[in-house]
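Chemist: Below are the structure tokens for one structure; questions will follow.
The values are calculated or read from the model by the stated rules, or taken from the named source; none is laboratory data. Just so it is clear, the model here is predicted, and its values are computed rather than measured. Here the Cβ positions follow ideal geometry from the backbone for every residue, glycine too, while neighbour counts run over all protein chains shown.
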Amino acid sequence: MASESTAPPAASISEYLQELVLNSSDVEQFLHELASVSARSLSEPRDEVLCGVTLLRRRKAATVASSSAEAQAMDEIQYTFGDGPCMTACREQSTIHIPDLADHDRWPKFTESVLGRGVRSILAVPLKLEGDTRAALNFYSHRPGRFEPRVIELAEDFVRQTSMALRLAVRFAHFSDAAEDLRATLESRTVIDVAVGIIMAQNRCTQSEAFEILKAASSSRNIKLHGVATAIVESLGQGPLKTHFEM
């Protein structure tokens, strides 16, 4: 966002965030990359801005990503006191701006603590998420008055686009988990079917009777059905059964 920024220009932010979603292995990696690029977006030479991502769920707050250890420390100070600008931004879903902590008294204990670490100005912008989860991007600067009106406007626009990308990342994660669950189910089903076939051949029984034998073995040995089936298949020297489908 700043003229010296290493982040993409405003016109390509949406495309950049979409690419970030696609290139991230999971939501956690996406958030860490997001914190880093957000900090760089507002930073200038010899004037670094720190960024943390606060997640508030069921009244419990946590920093799920940060641009640095210092940014995470700033976030966690307010969790210690149970309140602060970032938690308020999450709860109220409104931007919280503190131009100069030296002239601020809303959160006296938090203010005193972060002032002792050299932080002078804070900008917390809420992320719009689905459900009851709340989140915010938290920016910290060692310079008072660092977040001017134009910078705040740009930051809010950036966060709006970020919210859309984050919702997309979360949905991708859900789809990925669902695909893994389905794959595991299909693999388990395949092993069980093969084991039933083996029992049918060995005992000259019907499929239903073979399945009952498999269930009885599972119950008597206190081993899951899939485990018993796997042991039966591998006992014939076939080794781990490979499925022939892709997802």
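Chemist: Could you identify the single residue in Leu101, Leu115 that is in contact with a Lys or Arg (Cβ under 7 Å, 6 or more places away or on another chain) and under 17 Å from Glu70 (Cβ atoms)?
Modeler: Numbers: Leu115 fails: in contact with a Lys or Arg (Cβ under 7 Å, 6 or more places away or on another chain).
After applying the criteria, what remains is Leu101.
Chemist: Continuing with the same structure: If you check Arg117 against the conditions, is it surrounded by 13 or more Cβ atoms within 10 Å (Cβ to Cβ), more than 18 Å from Ala89 (Cα to Cα) and assigned by TED's automatic domain parsing to the domain that holds Thr95? Reasoning before the result, please.
Modeler: On the way: surrounded by 13 or more Cβ atoms within 10 Å (Cβ to Cβ): no; more than 18 Å from Ala89 (Cα to Cα): yes; assigned by TED's automatic domain parsing to the domain that holds Thr95: yes.
No, not satisfied.
Chemist: OK, next. Every residue in region 50-98 that is basic (Lys, Arg) and out of contact with any strand residue (DSSP E or B) (no Cβ under 9 Å at 6 or more places or on another chain), please. Give the steps one after another, and end with the answer.
Modeler: First, the residues of region 50-98 that are basic (Lys, Arg): 57-60, 91.
If the condition is that a residue be basic (Lys, Arg) and out of contact with any strand residue (DSSP E or B) (no Cβ under 9 Å at 6 or more places or on another chain), then Arg58, Arg59, Lys60 are the ones that fit.
Chemist: Checking Gln29 against (1) free of Cβ contacts under 8 Å to residues at least 24 places away in the same chain; (2) buried (at least 18 other Cβ atoms within 10 Å of the Cβ); (3) part of a helix (DSSP H, G or I), only one condition comes out false. Which one?
Modeler: It fails just one condition, (2).
Chemist: In region 91-108, what count of residues is obtained for those that are exposed (fewer than 15 other Cβ atoms within 10 Å of the Cβ) and either more than 22 Å from Arg134 (Cβ to Cβ) or not assigned by TED's automatic domain parsing to the domain that holds Phe139 (or both)?
Modeler: Here the count works out to 5.
Chemist: Kindly indicate the residue of region 170-198 that is modelled with pLDDT of 50 or more and within 23 Å of Val37 (Cβ to Cβ) and also surrounded by the fewest Cβ atoms within 10 Å (Cβ to Cβ) among those meeting that condition.
Modeler: Applying the filter and picking the extreme gives Arg171.
Chemist: Name the one entry in Leu154, Leu166 that is more than 13 Å from the chain's Cα centre (by Cα), surrounded by 16 or more Cβ atoms within 10 Å (Cβ to Cβ), at pLDDT 50 or above and assigned by TED's automatic domain parsing to the domain that holds Phe30. First the steps, then the outcome.
Modeler: Details: Leu166 fails: more than 13 Å from the chain's Cα centre (by Cα).
Among Leu154, Leu166, only Leu154 is more than 13 Å from the chain's Cα centre (by Cα), surrounded by 16 or more Cβ atoms within 10 Å (Cβ to Cβ), at pLDDT 50 or above and assigned by TED's automatic domain parsing to the domain that holds Phe30.
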